[in-house]
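The values are calculated or read from the model by the stated rules, or taken from the named source; none is laboratory data. Since the structure is predicted, the reported quantities are computational estimates derived from the model, not experimental observations. Cβ placement follows ideal geometry from the backbone for every residue including glycine, while neighbour counts extend to all protein chains displayed.
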Amino acid sequence: MPRFKLTIEYAGTRYSGWQIQKNARTVQGEIDRAVREIAAGRKVELYGSGRTDAGVHALAQVAHLDVATNLPPESLRRRLNDELPPDINVLAVEIANHRFHARHGAIARSYLYQISTRRTAFGKALVWWVREPLDVGEMRAAAALLSGMKDYRSFSDEDPEEKSTRVLVDEIRIERAADLVLVRVTGSHFIWKMVRRIVGVLAAVGTGDLALDDVRGFLKEQSGTPARLTAPASGLFLERVYYEGDTRAGDLVPVLRVASHR
């Protein structure tokens, strides 16, 4: 049975995350349904590179698909998109080595978060509007403290699937783009809610509600403060999943451009 590598973009607003759940609409569930329509009763196995939570989006989620089909990759991509709702789009389908595993083969992931510094009529589902002015310099100083191999237990809820709260964060990059503040977090992997809590803490530093010493404290002792500051799912995008040989993402590019209005 051939194995395919799928690259998928989706708006997560209407879904209870990536992973199939009973009595909930999920992105994986929609793709699984579409594949089964095409496969006509043949065995189907679909694995994603990792979970995204309810309301979180993806620019390039990766999955591998095992299905017996004679369709060439491009025809399979088109057939899948014909079956999928418009807020899920398969960008690419490639024939993969049978040893390729979307999750276990990934060596890093990057997430992009969009903070809007003004109210926007068009992008509510794709940004977090922070009303107070943000000091990007202070946010970058906090980001430097949160980079590296650290214990992020203050930044995650307990998850039985995770054996450790230690994570290697390669980089946290912050840039302004008109009335957006863009945050990219790149790391080996991420535990539940970690990225949204990192962003919430960075924003609180940017508004002056937290000091850099507070951030240092969250890494030394468990604190409930990052949980109370969890950024909303609306602004978060799974940007890239990296495998051996992949080049890292370059400049930060907004998903939604919010023009400056002065």
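From the list Tyr47, Tyr10, the lone residue that is in contact with an Asp or Glu (Cβ under 8 Å, 6 or more places away or on another chain) and closer than 30 Å to Arg196 by Cα is Tyr10. When Thr230 is tested against (1) assigned to a helix (DSSP H, G or I); (2) under 27 Å from Ala102 (Cβ atoms); (3) among the polar types (S, T, N, Q), only condition (1) is not met.
Condition check ((1) assigned to a loop (DSSP other than H, G, I, E, B); (2) closer than 19 Å to Tyr111 by Cβ; (3) in the same structural domain as Val27 (by TED's automatic domain parsing); (4) within 18 Å of the chain's Cα centre (by Cα)) across all residues:
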site: Lys163; (1), (2), (3), (4): yes, no, no, no
site: Val169; (1), (2), (3), (4): no, yes, no, yes
site: Val183; (1), (2), (3), (4): no, yes, no, yes
site: Ile198; (1), (2), (3), (4): no, yes, no, yes
site: Gly217; (1), (2), (3), (4): no, no, no, no
site: Arg248; (1), (2), (3), (4): yes, yes, no, yes
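Lys43 fulfils the conditions (1) surrounded by 15 or more Cβ atoms within 10 Å (Cβ to Cβ); (2) outside the structural domain of Val205 (by TED's automatic domain parsing); (3) touching a residue at least 12 places away in the same chain (Cβ under 8 Å); (4) not aliphatic (A, V, I, L, M) except for a single criterion, (1). Going through (1) touching a residue at least 12 places away in the same chain (Cβ under 8 Å); (2) outside the structural domain of Val199 (by TED's automatic domain parsing); (3) crowded, with 16+ Cβ neighbours inside 10 Å one by one, Ser116 falls short only on (2). Selection of segment 199-209 for residues being hydrophobic (A, V, I, L, M, F, W, C), out of contact with any strand residue (DSSP E or B) (no Cβ under 6 Å at 6 or more places or on another chain) and touching a residue at least 40 places away in the same chain (Cβ under 8 Å) yields Val201, Leu202, Ala203, Val205.
Note on segment 224-262: residues that are in contact with a strand residue (DSSP E or B) (Cβ under 7 Å, 6 or more places away or on another chain), at pLDDT below 95 and β-branched (Val, Ile, Thr) amount to 2.
Yes/no matrix, rows are residues, columns are (1) surrounded by 15 or more Cβ atoms within 10 Å (Cβ to Cβ); (2) not small (Gly, Ala, Ser):
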residue: Ala211; (1), (2): no, no
residue: Gln222; (1), (2): no, yes
residue: Pro226; (1), (2): yes, yes
residue: Ala233; (1), (2): yes, no
residue: Val241; (1), (2): yes, yes
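From the list Gly50, Gly55, Gly17, the lone residue that is free of Cβ contacts under 8 Å to residues at least 40 places away in the same chain and either within 26 Å of Val127 (Cα to Cα) or in contact with a strand residue (DSSP E or B) (Cβ under 8 Å, 6 or more places away or on another chain) (or both) is Gly17. Of all residues in segment 23-79, those satisfying the criterion of being part of a loop (DSSP other than H, G, I, E, B) and within 22 Å of the chain's Cα centre (by Cα) are Ala24, Arg25, Thr26, Ser49, Gly50, Arg51, Thr52, Asp53, Ala54, Gly55, Val56. For Leu134, the criteria (1) farther than 22 Å from Ala11 by Cα; (2) of a type in the set (A, V, I, L, M); (3) within 21 Å of the chain's Cα centre (by Cα); (4) part of a loop (DSSP other than H, G, I, E, B) hold in every case but one, which is (3).
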